[in-house]
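The values are calculated or read from the model by the stated rules, or taken from the named source; none is laboratory data. These numbers come from a predicted model, not from an experiment. Heads up, the Cβs are rebuilt from the backbone with ideal geometry, glycines too, and the neighbour counts pull from every protein chain shown. The protein model used for the area step is the full one, side chains on, heavy atoms only, and it has no ligands, DNA or RNA in it. Shrake-Rupley method; radii C 1.70, N 1.55, O 1.52, S 1.80 Å.
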Amino acid sequence: MERDWTADYICDAKRLVSLEGLPEARRAIRKFEALGPWLARDAVREDIPSMLGILEAWTAARGGPDGADHDICRDAVQGLGYAGTLATVVEQNGRMVAFEIGRWLNADMLVAEFEKNDPQVRGGCQIANREFVRRHCNGFEFVNRTCDGGDEGLRKVKLEYRPVRLVRKFLIRGVPRPRP
């Protein structure tokens, strides 16, 4: 049965950085680290082509553009550096393999909006998320890991991060899009 709701996943920032009680994320990061030297850094505008390449590879591995998520993520990447956008990229063996984009929401919360990784590299999303939070969550108590969009697989992954609260939203389906 298809759900008619989705949720934002509000997580404890300290837990995301320490990975306390998050065995799946720790396991994925250990596998990632075993693949070679890596580093995380703040993204700069010169990273946009590589980030878009990762987005396209990630999207292709899932069957092609699925509409809004792909388009909104592409727009966020292209707007890097504007309107308070924060981004962290992860490089491994001298090549960008993952990124996370987000923004500050208020005095207590950081929003982790998009994390994408090269589909050939396991653990990229987990390390991108941890490093994004580590770099940008100074003083924030919570991280909104955003919604699952009704995707059961994504819901399962987001629940593995043990959110402290779910903010329920409802899905509207079948609304026609305006034609250009």
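If you take the Cα Rg of the stretch 50-105 and divide it by 2.2 N^0.38 Å, with N the number of residues, what do you get?
Values: Rg = 11.8 Å, N = 56, 2.2 N^0.38 = 10.2 Å.
It is 1.16.
Suppose we look only past 20 Å in the calculated P(r) of the stretch 1-101. What percent of the Cα-Cα pairs does that tail hold?
Working: 2714 of 5050 pairs.
Of all Cα-Cα distances in the stretch 1-101, 54 percent exceed 20 Å.
Over the stretch 94-155, with the other protein chains present, what is the accessible area per residue in square angstrom, probe 1.4 angstrom?
Numbers: 2630 Å² over 62 residues.
Counting only protein heavy atoms, the per-residue value for the stretch 94-155 is 42 Å².
From the residues 65, 79, 133, which one has its Cα farthest along the dipole of the stretch 45-162 in the positive direction, the dipole being from +1 and -1 charges on Cβ of Lys/Arg and Asp/Glu about the Cα centre?
Checked the options; the winner is 133.
How much net charge surrounds residue 109 when only the other residues with a Cβ under 14 Å from the Cβ of residue 109 are counted, with Lys and Arg +1 and Asp and Glu -1? Don't skip to the end; give the middle numbers.
Values: positive: 14, 103, 145, 165; negative: 8, 12, 108, 113, 141.
So the surrounding residues net to -1.
May I ask you to derive the relative contact order of the chain, considering only C-alpha pairs under 8 Å and at least 6 residues apart, and to give it as an integer percent?
Working: 303 pairs, mean separation 66.7, N = 180.
Relative contact order here is 37 percent.
Please give the direction-averaged projected area of the C-alpha convex hull for the chain, in square nanometres with one decimal.
Working: hull surface 45.1 nm².
Mean shadow area of the hull around the Cα atoms is 11.3 nm².
With the full set of protein chains in place, find how many percent of the accessible area of the stretch 41-130 is carbon and sulfur; take the probe as 1.4 Å. Present the calculation step by step, with values, prior to reporting the outcome.
Values: 2070 of 4120 Å².
Carbon-and-sulfur percentage of accessible area, whole number: 50.
Which value, in Å² rounded to 10, gives the accessible area of residue 96 with a 1.4 Å probe and all protein chains present?
It works out to around 20 Å².
Excluding ligands and nucleic acids, what accessible area in Å² is computed for residue 82 using a 1.4 Å probe, to the nearest 10?
130 Å²
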